[in-house]
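The values are calculated or read from the model by the stated rules, or taken from the named source; none is laboratory data. Values in this document were obtained by computation on a predicted structure and should not be read as measured data. In this analysis, Cβ positions are derived from the backbone assuming ideal geometry, glycine residues included, and neighbour counts consider all displayed protein chains.
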Amino acid sequence: MLFKSPHKYPLKIETLENGPVSHFVSTFGLLMAITLTVYTLIRILFEAILIPRWYPTHVSQLDQNRLRGFINHQMALLAKIIAFAISIYPFVSIIFGPGDFDTRWNKNGKATFGDTITIGASIFMGIYIHELLYRSHLNWQTLVHHFFTVISGTTAITLTTMWQSRPFAKLYFALVMIYGVSTMIRTLPSHSSIIALRFWPHKHKLLARFYSVTFCVSLMGTLMETTFVLFLLGWCWYRWNDQVKVTTPIIHGAFLVAQVWTIQDAWRRWRTEKRKMGNCEHCRLSAKAEYRWTQRASDEQVANVV
């Protein structure tokens, strides 16, 4: 079903022809089960082999909560890089280019852009489900973000299975896809910062740089995501049903709360590391001055003896 836009200059995704997104949608539960099994095996590999044998001693001596967080941040970083790498080209082609979800990678093949996006979605949502099940302590902001991410993602997948009675199904899937790609880009520096903190807790200059990048990327990503998503929601208002018009602003508000907390946390950590860096520099200069004073006093004593 093709949609005629009431706007003079319609957006490309606004006129997407509604239809099925991927062949994997009907077996998405199986896909998620396989993804979570793989994550469990990778986590066991970290706990049983990699950390005890290959990581620094101070890492293996972390308390249970921090060790689980450290392992999860590494898994999340790797998972989001993979999901982003396989999804970015179909994403750009669908949102801005000539592609669609049923566009094939090659003329003779069966794999489509929608298949790739669905696999990337399972990798992305799977790591959040794994974190909710694995981490022993999570703050409420993280719980809210992960909960609504999984709910909105599975809702978008479910709606595409009922696309004949949901004329906005593919467009809503594209909207959630924008959320996913934005989240992957925005959270990569955050995962890297925590990993660096566990590896090099006393390299305050390096950590300050990590947190400064995290702060800037999180701030700019939040502003761009909010602007684009709310613009798209309003621009395509005629295509949404009442449930989407009500729930999407609520979900975005929950995301926004979690993102603002992340920005504030990155800012505090950045300032803390800069302060520690200044204290270390002050201690270094004091020690150097004390050494010079001691050396001068020793030289004077030698001169007096002579």
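May I ask you to say which residue of H73, H58 is part of a helix (DSSP H, G or I), in contact (Cβ under 8 Å) with a residue 40 or more places away in the chain, of a type outside the set (D, E) and loosely packed, with under 13 Cβ neighbours inside 10 Å?
Working: H73 fails: loosely packed, with under 13 Cβ neighbours inside 10 Å.
None of the other options fit; the residue is H58.
Pick from T214, T272: which is of a type outside the set (F, W, Y) and in contact with a helix residue (DSSP H, G or I) (Cβ under 6 Å, 6 or more places away or on another chain)? Show your work before the answer.
Values: T272 fails: in contact with a helix residue (DSSP H, G or I) (Cβ under 6 Å, 6 or more places away or on another chain).
Residue meeting the stated conditions: T214.
Each residue in segment 149-165 was checked for being more than 20 Å from the chain's Cα centre (by Cα) and without any contact (Cβ under 8 Å) to a residue 24 or more places away in the chain, and 5 pass.
In the set (1) exposed (fewer than 15 other Cβ atoms within 10 Å of the Cβ); (2) within 26 Å of S152 (Cβ to Cβ); (3) not hydrophobic (A, V, I, L, M, F, W, C), the condition left unmet by R239 is number (1). Just one of the listed residues (L197, L230, L206) is in a helix (DSSP H, G or I) and buried (at least 18 other Cβ atoms within 10 Å of the Cβ), and it is L197. Considering segment 112-142 alone, what residues qualify as being outside any helix (DSSP H, G or I) and surrounded by fewer than 19 Cβ atoms within 10 Å (Cβ to Cβ)? R135, S136, H137, L138, N139 - these are the residues of segment 112-142 that are outside any helix (DSSP H, G or I) and surrounded by fewer than 19 Cβ atoms within 10 Å (Cβ to Cβ). State yes or no: is R68 modelled with pLDDT under 95, part of a helix (DSSP H, G or I) and crowded, with 18+ Cβ neighbours inside 10 Å? In short, yes. Of the listed requirements (1) surrounded by 19 or more Cβ atoms within 10 Å (Cβ to Cβ); (2) not in a helix (DSSP H, G or I), T183 misses just one: (2).
Using the structure shown, decide if I95 is under 27 Å from L11 (Cβ atoms) and at pLDDT 90 or above. No: the conditions fail for I95. When you look at P90, is it under 30 Å from L171 (Cβ atoms) and either under 17 Å from the mean Cα position of the chain (by Cα) or at pLDDT below 95 (or both), yes or no? It is true that P90 is under 30 Å from L171 (Cβ atoms) and either under 17 Å from the mean Cα position of the chain (by Cα) or at pLDDT below 95 (or both).
Residue count for segment 14-49 satisfying the condition of being assigned to a helix (DSSP H, G or I), touching a helix residue (DSSP H, G or I) at 6+ places or on another chain (Cβ under 9 Å) and at pLDDT 80 or above: 15. Within the option set P56, P52, being touching a Ser or Thr at 6+ places or on another chain (Cβ under 7 Å) and either modelled with pLDDT of 95 or more or not acidic (D, E) (or both) holds for one residue only, P52.
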